[in-house]
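The values are calculated or read from the model by the stated rules, or taken from the named source; none is laboratory data. The structure presented is a predicted model; accordingly, all values stated were derived computationally and were not measured. Here Cβ is always computed from backbone atoms with ideal geometry, including for glycine, and neighbour counts include all displayed protein chains.
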Amino acid sequence: MRTATRTSEVATTDAGRRRRRRGRFLLLRLLQGVLTLLVVSILIFVATQLLPGDVARVILGDAATPERLAALRVQLGLDLPVHQQYLNWLGGVLRGDPGQSLVTGRPVLDMVGVRLVNSLTLAGVAMLVMLPLALLAGVSAARRRGKLLDRLFLGTSMIANATPEFVIGSVLVVLLGTTVWPILPPVALLPTGQSPLMHLPSIALPVLTLVIAGGAYLARLVRVSFIDVMSSEYIQMAKLKGLSERRIVYRHALPNALGAVIPAASLVAAITIGGIVVVEYLFAYPGIGSLLLESIRSRDLPVIQAVVLIIAASYFILNFLADTLAGGRDRRA
Amino acid sequence: MDIPSGSPTAGRASRAPGMARRFLRSGQVRLGVGLVLATTAFALLGPLLTPFDPLRSVSMAYAPPDAAHPLGTDNLGRDVLSRLMAGGIHLAWMAPAAAILGVGSGAAIGMIAAFRGGIVDAVLMRTMDVLLAFPGILFALLFVSIVGPQPWLLILITAIALMPGCARVIRGATLPFTASEFVLWGRAVGLAPRRILVGEILPNVTSPLMVEFGIRLMLAVGLLASLSFIGYGIQAPTPDWGLMVSENRSGLSIQPLAVVAPIIFIVLYTVGGNLIAEGAARVIGRTEGKVR
Amino acid sequence: MTGSEVEVSGLEVAVEATGALIVDDVSLRLASGHVMGVVGESGSGKSTLALAMLGYAKQGARISAGHVVVDGVDLLSLSERELRAVRGRKVAYVPQDPATALNPALSIRTQLTEGLGRRREVSLPALRELLRAVGLPDDDGFLKRRPRELSGGQQQRIAIAMAIAADPRLVVFDEPTTGLDVSTQARVLELVRRLCRERSMAAVYVSHDLAVVADVADTVIVMYAGQVVEAGPTRDVITRPNHPYTRALLAAVPSVGERHRLIPIRGRAPAVGDATPGCSYAPRCGFAIDACRTADPPLAATSGGRLVRCIRHEELAAKPSVTDRVPDLRAAAAGDGDFLRVSGLSAYYAGRQVLSDVSFGLARGECLAVVGESGSGKTTMSRCLIGLHGEQEGDYRFDGAAMPARAERRSASTRRQLQYVFQNPYGSLNPRRSIEQNLTAPTRDLLGMDAEASRRRAREVLDRVEIPAALLARYPGELSGGQLQRVAIARALACEPKLLLCDEVTSALDVSVQASVVELLRSLLDDGLSMIFVTHNLAVVRSIADRVIVLNGGRIVESGGTEEVLSAPTHPYTQALMTDTLDVPKSTSI
């Protein structure tokens, strides 16, 4: 009895230590993330500096006089050393002012704002549809492992998983937009200033594309994770305790299977962000992806820098979320 | 997709040699290799056998299929079949080149990080994290707009985009072996680190490497084709599958074949890569006694 | 004896795909309040039998025949639904490894109460009562914990509490103390005995450890190749074994009490589906006659109230046991302990001190055992000696010269002369290389031998460890654990070592195999090799070591000659260790 109490004290301090360790780990990840973003911002800045073409000339056109070019360079701070330019830019970003568009002259923040909301809406709707669907599909397939439904699931999800987003999107356009059964608009043009949520049919195809591309991967993860959990010792133990099938699946298996999948889900969200560039281009959707393509084409440096930084930051946030949800355990180990 | 990691007990039920042969005995792997080889052969030989000049207009735009043009014509009235045959060659050599480069460097980094541990591990893997925080496609967009769509640049960028993920997986697969007794023994009796890494550990991670190659090949095809599609890869008027999808989208309702035909070939290629990966993962799962 | 609470008859479990039997026609009876031990080596079907007694078979296996009657109900005739109602209430199970058998996502409280049926809210006082009964704290904080937050011993107590929560008539214990330290094991065994007596439950206790079964069980059945080969009262069976296998098994077990020669069982146990005509033990049996190889021997009742599956059991029972333990009197090597000297070794792990000021010496030709439980620092110490532990301070002298702490700083000849054999035989050899390649790698790299010479050397050392040269072309995956451990020893020998460090080399092996490895190591000592033997197993220490150091909490608490330390320990820790270590009762030949 005495020994048991003693060991329980040991266990308590163990739990405390684990919590502290977890806190330290997350703090470390946060610092690492900030550092990563800093490095990324430098990379972005340097890369955009390397873009061919003189910014002043882009703005003023070929007819500009050397004096006017020089004056504009001073005005834009382009005459300063590169590291000074970077610090100025970074300071602006941190103050919430990433500069003005070279092409439209509007503040970058205004241009990016609406587009960002549009993109987040698109990705958010896609995730909302994808998560329950992937969960349902993965668990159903796992519970009918080896049966027809499972094989069907494995085959189709494998193909969907292997197919690039633009191909999935194009196939959907052929099937539902133009040729086979045209019931949905093949492009997702939005009237300016209106939320995509008011035009759900317009965004149906882009959402569907993202859902298929990410959901196939996620559902397969759910399936494997569920099968792993179901063959674990503690599920055998639950069966030997005489628990009902329902209780075993929902109370014993699912929480553990989800524990393995949730970090992956935020990874899928991150992949979705990468995919959004292509999908927005494909459906002419006014988001940050298409904004990026437009601004690269027009050499609009401040906009490029802002958009790339936003995408990198959202990648980081999702990764951090995954780490937090993984309970502070290093999921890369 | 299943990304299994090796385990030190993997050898318990498996014989080492003939691993490649055992992979090829798997129906999935065989189908995958078959698809990749067939697509590659079509793409490599196609340009020599085109019935028409893929760059010249031979008819009106978006003409439906007929006897002379079995797949019809495209947005500029060029023969779709000829462009299809000539349009895979870039993907066919650039994707494997990028996959080999990406998997090779990623695997080397992952293995060294796992084996050396400590500060080397931290520096290498944090660097990979930085790269991972940058979607491959952004990377490509930036650099292609700086340097221009050079093939070597596209390969390099794709390889860099593939590298960090592969490094993580291979690090994970190597880690259990770095703590396994035969490696400890080798270190204790003073075998050279390079000898341990290449001679003792590498043969044990060939299976995850095979899986990685399949996955990364699939991703390389996807990324390269996507780049062509949004106009930052192979440039018009050169025939290219990804580009064809983009060029002929406006005629989708009149002449869907001009879009569907290249899509089919891209999908055959990526599905082939994925089948190799999945089949290999399944073979490993079987030998490790894991049921998938 | 009261009426039988549990009656198993004709129980068979088969591999679903092939129909090969894993458990072959097992019958047994068990009264309430009694504990029946089930003893067998790995692959004997004992765990499959344990699960089958709850009407359960693992994936890929199927209960193909028989009855398991508990409290008047035949479990095997029940529907899946009825079976669920019986499990946990009439029959319960205690798993081998509670760390994986308890659900990591659910609290202790949830896992304890959910077994108790539809009454979701079991009264809290009853729950606290249950926790106290298994010797655990009963406060709310404890009930909210997850399994991860408990020690191994506590987890096992939770598993036991879970099993007895609904007052079942039969509890099946599947190696519940394997993996626990001896002190924890002693307390868990005491708990098992007490609970069975107080609650008059019948218990089946499965174990590979004869000493544990001798301690806890009233009756015992010995399993071999899926069959019961001997059954009877525990004391009788263990002190006067009738079946040749039981005899051989007992002759292979080392004793804490005295040093004696261990006699391994030759050959390998048959795998499932390796059906041979006649007695399944005949190929390895020293008493086998032609008749043994033609017909299956029946399980016959002896005059002593025992069941034995051997046609010669009557002759053998009359024969004085040839497997009587032979005292072994290897003269302890004398010396000043200067062959290897470790002074003031302290080691840290992530800043925490795990070894404090450890000093000892080893004489040439001596075998020194380093004994300790988990957490004692013994693993860290062997890592330090190997030269692969970073955070350490202290001095080493080896063979008259100072030896650096880190392996890569040691001279080539030191690295060659100091060789290692590890615990896990399956990880010791590179699975992707043949046995020959595994053996030639060190001689080519370290001794600079050419291909021909190193191949010759491989053959020699393999011969020394009694492995046929035919296995040279095989891969580690094709060898048994015992064979692999011998090859690992051969690889060490190939370098012509002077000192061999053995880190828990026998703990992953069955006793009959352990015996052969211990005997091999002893013969190497006779050849003049020096040895450091790290282990938690005191009986193995007794049978091989000249001197012992006992580690506890990173310090040496006692050291001296094996005989003195184990027979008359002076430090309280060593005394407690000796009290908690179980020994197989000595056989008495008629």
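So A:Pro201 fits all but one of (1) touching a residue at least 12 places away in the same chain (Cβ under 8 Å); (2) surrounded by fewer than 23 Cβ atoms within 10 Å (Cβ to Cβ); (3) closer than 21 Å to B:Val267 by Cβ; what number is the exception?
(3)
So, of the residues in the stretch A:239-264 that are among the aliphatic types (A, V, I, L, M) and within 18 Å of C:Arg87 (Cβ to Cβ), which turns out to be farthest from the other protein chains (Cβ to nearest Cβ)?
Filtering the stretch A:239-264 down to residues among the aliphatic types (A, V, I, L, M) leaves A:240, A:243, A:248-249, A:253-254, A:257-258, A:260-262, A:264.
From the residues that got through so far, the ones that are within 18 Å of C:Arg87 (Cβ to Cβ) too are A:240, A:243, A:248-249, A:253.
Values: A:Leu240: 4, A:Leu243: 6, A:Ile248: 10, A:Val249: 13, A:Ala253: 9 Å.
If we take residues in the stretch A:239-264 being among the aliphatic types (A, V, I, L, M) and within 18 Å of C:Arg87 (Cβ to Cβ), then A:Val249 is farthest from the other protein chains (Cβ to nearest Cβ).
With touching a strand residue (DSSP E or B) at 6+ places or on another chain (Cβ under 8 Å) and either at pLDDT 85 or above or not small (Gly, Ala, Ser) (or both) as the only criterion, which of A:Met237, A:Met230 stands out?
On the way: A:Met230 fails: touching a strand residue (DSSP E or B) at 6+ places or on another chain (Cβ under 8 Å).
The match here is A:Met237.
Yes/no matrix, rows are residues, columns are (1) under 30 Å from C:Ser567 (Cβ atoms); (2) among the small types (Gly, Ala, Ser); (3) touching a residue at least 12 places away in the same chain (Cβ under 8 Å):
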{"position": "C:His260", "(1), (2), (3)": "yes, no, yes"}
{"position": "C:Pro270", "(1), (2), (3)": "no, no, yes"}
{"position": "C:Gly273", "(1), (2), (3)": "no, yes, yes"}
{"position": "C:Thr294", "(1), (2), (3)": "no, no, yes"}
{"position": "C:Val308", "(1), (2), (3)": "no, no, yes"}
{"position": "C:His313", "(1), (2), (3)": "no, no, yes"}
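Out of all the residues in the stretch C:39-51, which are more than 23 Å from A:Arg246 (Cα to Cα) and buried (at least 16 other Cβ atoms within 10 Å of the Cβ)?
Answer for the stretch C:39-51, where residues must be more than 23 Å from A:Arg246 (Cα to Cα) and buried (at least 16 other Cβ atoms within 10 Å of the Cβ): C:Val39, C:Gly40, C:Glu41, C:Gly43, C:Ser44, C:Gly45, C:Lys46, C:Ser47, C:Thr48, C:Leu49, C:Ala50.
From the list B:Leu202, B:Leu227, B:Leu197, B:Leu209, pick out the single residue that is crowded, with 24+ Cβ neighbours inside 10 Å and in a helix (DSSP H, G or I). Spell out the reasoning first.
Working: B:Leu202 fails: crowded, with 24+ Cβ neighbours inside 10 Å; B:Leu197 fails: crowded, with 24+ Cβ neighbours inside 10 Å; B:Leu209 fails: crowded, with 24+ Cβ neighbours inside 10 Å.
After applying the criteria, what remains is B:Leu227.
Restricting to the stretch C:397-417, give me the number of residues that are touching a strand residue (DSSP E or B) at 6+ places or on another chain (Cβ under 9 Å) and more than 14 Å from chain B (Cβ to nearest Cβ).
Summing the residues that are touching a strand residue (DSSP E or B) at 6+ places or on another chain (Cβ under 9 Å) and more than 14 Å from chain B (Cβ to nearest Cβ) in the stretch C:397-417 gives 4.
Are any residues in the stretch C:57-82 farther than 14 Å from A:Gln236 by Cβ and either assigned to a loop (DSSP other than H, G, I, E, B) or out of contact with any strand residue (DSSP E or B) (no Cβ under 6 Å at 6 or more places or on another chain) (or both), and if so, which ones? If you could, list the steps in order and put the result at the bottom.
Pass one, the stretch C:57-82, residues farther than 14 Å from A:Gln236 by Cβ: C:62-82.
Hits for the stretch C:57-82 are C:Asp71, C:Gly72, C:Val73, C:Ser77, C:Leu78, C:Ser79, C:Glu80, C:Arg81, C:Glu82.
Report, by residue number, each residue of the stretch B:34-70 that is buried (at least 19 other Cβ atoms within 10 Å of the Cβ) and touching a residue at least 24 places away in the same chain (Cβ under 8 Å).
Just the residues of the stretch B:34-70 that are buried (at least 19 other Cβ atoms within 10 Å of the Cβ), to begin with: B:35-36, B:39-40, B:43, B:46, B:52, B:54, B:62-63, B:69.
Selection gives B:Leu35, B:Val36, B:Thr39, B:Thr40, B:Ala43, B:Gly46, B:Phe52, B:Pro54, B:Tyr62, B:Ala63.
Please specify each residue of the stretch C:535-558 satisfying the condition of being acidic (Asp, Glu) and either within 12 Å of C:Leu368 (Cα to Cα) or in a loop (DSSP other than H, G, I, E, B) (or both).
Initially, the stretch C:535-558 is screened for residues acidic (Asp, Glu), giving C:546, C:558.
Within the stretch C:535-558, C:Asp546 is the sole residue that qualifies.
State whether the residues of the stretch C:499-508 include one that is without any contact (Cβ under 8 Å) to a residue 60 or more places away in the chain and touching a strand residue (DSSP E or B) at 6+ places or on another chain (Cβ under 8 Å).
Here is the first cut: in the stretch C:499-508, the residues without any contact (Cβ under 8 Å) to a residue 60 or more places away in the chain are C:506.
Adding the requirement that they be touching a strand residue (DSSP E or B) at 6+ places or on another chain (Cβ under 8 Å) leaves C:506.
Within the stretch C:499-508, one or more residues are without any contact (Cβ under 8 Å) to a residue 60 or more places away in the chain and touching a strand residue (DSSP E or B) at 6+ places or on another chain (Cβ under 8 Å).
Residue-by-condition table, conditions (1) of a type in the set (A, V, I, L, M); (2) under 21 Å from B:Ile266 (Cβ atoms):
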position: B:Arg194; (1), (2): no, no
position: B:Gly214; (1), (2): no, yes
position: B:Ala220; (1), (2): yes, yes
position: B:Ala225; (1), (2): yes, yes
position: B:Ser228; (1), (2): no, yes
position: B:Leu243; (1), (2): yes, yes
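Restricting to the stretch C:293-347, give me the number of residues that are at pLDDT 65 or above, of a type in the set (A, V, I, L, M) and part of a loop (DSSP other than H, G, I, E, B).
Number of matching residues: 3.
Among the numbered conditions (1) assigned to a helix (DSSP H, G or I); (2) surrounded by 20 or more Cβ atoms within 10 Å (Cβ to Cβ), tell me where A:Tyr285 comes up short.
Here A:Tyr285 clears every test but (1).
Which of the residues spanning the stretch C:506-522 are farther than 17 Å from C:Tyr420 by Cα and assigned to a helix (DSSP H, G or I)? First the steps, then the outcome.
Initial filter on the stretch C:506-522 (farther than 17 Å from C:Tyr420 by Cα): C:509-516, C:519.
Across the stretch C:506-522, the qualifying residues are C:Val511, C:Ser512, C:Val513, C:Gln514, C:Ala515, C:Ser516, C:Glu519.
Go through (1) buried (at least 18 other Cβ atoms within 10 Å of the Cβ); (2) facing chain A (nearest Cβ under 10 Å); (3) basic (Lys, Arg) one by one and return the number of the condition C:Arg148 breaks.
Here C:Arg148 meets the rest and fails (1).
Could you tell me how many of the residues in the stretch B:136-187 are touching a residue at least 24 places away in the same chain (Cβ under 8 Å), within 26 Å of A:Leu301 (Cα to Cα) and not in a helix (DSSP H, G or I)?
1
Just a yes or no: is a residue in the stretch A:178-198 at pLDDT 80 or above, in a helix (DSSP H, G or I) and more than 22 Å from the chain's Cα centre (by Cα)?
No - not one qualifying residue is present in the stretch A:178-198.
If C:Ser543 satisfies every condition in (1) under 21 Å from the mean Cα position of the chain (by Cα); (2) crowded, with 24+ Cβ neighbours inside 10 Å; (3) modelled with pLDDT of 90 or more; (4) farther than 24 Å from C:Ala458 by Cα but one, which is the exception?
(3)
When you look at C:Asp218, is it modelled with pLDDT of 90 or more, more than 18 Å from C:Arg132 (Cα to Cα) and either in contact with a Cys (Cβ under 6 Å, 6 or more places away or on another chain) or of a type outside the set (A, V, I, L, M, F, W, C) (or both), yes or no? I'd like the intermediate steps shown before the answer.
Working: modelled with pLDDT of 90 or more: yes; more than 18 Å from C:Arg132 (Cα to Cα): yes; either in contact with a Cys (Cβ under 6 Å, 6 or more places away or on another chain) or of a type outside the set (A, V, I, L, M, F, W, C) (or both): yes.
Spelling it out, C:Asp218 is indeed modelled with pLDDT of 90 or more, more than 18 Å from C:Arg132 (Cα to Cα) and either in contact with a Cys (Cβ under 6 Å, 6 or more places away or on another chain) or of a type outside the set (A, V, I, L, M, F, W, C) (or both).
In the stretch B:230-246, what count of residues is obtained for those that are farther than 30 Å from B:Gly165 by Cα and either surrounded by fewer than 24 Cβ atoms within 10 Å (Cβ to Cβ) or within 11 Å of chain A (Cβ to nearest Cβ) (or both)? Steps first, please.
Applying the first criterion (farther than 30 Å from B:Gly165 by Cα) to the stretch B:230-246 yields B:236-239.
When the remaining residues are screened for being either surrounded by fewer than 24 Cβ atoms within 10 Å (Cβ to Cβ) or within 11 Å of chain A (Cβ to nearest Cβ) (or both), the result is B:236-238.
Of the residues in that region, 3 qualify.
Out of A:Thr13, A:Thr36, A:Thr48, which single residue is on the phi < 0 side of the Ramachandran plot and at pLDDT below 70? Let's see the steps before the verdict.
Values: A:Thr36 fails: at pLDDT below 70; A:Thr48 fails: at pLDDT below 70.
One residue alone meets the criteria, A:Thr13.
Would you be able to tell me the number of residues in the stretch C:367-384 that are modelled with pLDDT under 90 and over 15 Å from C:Val550 (Cα atoms)?
1
Quickly run through the stretch C:523-534 and pick out the residues that are assigned to a strand (DSSP E or B) and either among the small types (Gly, Ala, Ser) or in contact with an Asp or Glu (Cβ under 7 Å, 6 or more places away or on another chain) (or both). Spell out how you get there, then give the answer.
As a first pass, look at the stretch C:523-534 and keep what is assigned to a strand (DSSP E or B): C:530-534.
Matches in the stretch C:523-534: C:Ser530, C:Val534.
So which of A:Ala4, A:Ala64, A:Ala56 ends up being within 10 Å of another protein chain (Cβ to nearest Cβ), more than 26 Å from B:Phe139 (Cβ to Cβ) and either in a helix (DSSP H, G or I) or at pLDDT below 80 (or both)? Before you say what the answer is, go through the steps one by one.
On the way: A:Ala64 fails: within 10 Å of another protein chain (Cβ to nearest Cβ); A:Ala56 fails: within 10 Å of another protein chain (Cβ to nearest Cβ).
Only one candidate qualifies: A:Ala4.
Sort out which residues of the stretch C:418-450 are of a type in the set (S, T, N, Q), surrounded by fewer than 21 Cβ atoms within 10 Å (Cβ to Cβ) and within 7 Å of another protein chain (Cβ to nearest Cβ), and write them in order of number.
C:Asn424 - this is the single residue of the stretch C:418-450 that is of a type in the set (S, T, N, Q), surrounded by fewer than 21 Cβ atoms within 10 Å (Cβ to Cβ) and within 7 Å of another protein chain (Cβ to nearest Cβ).
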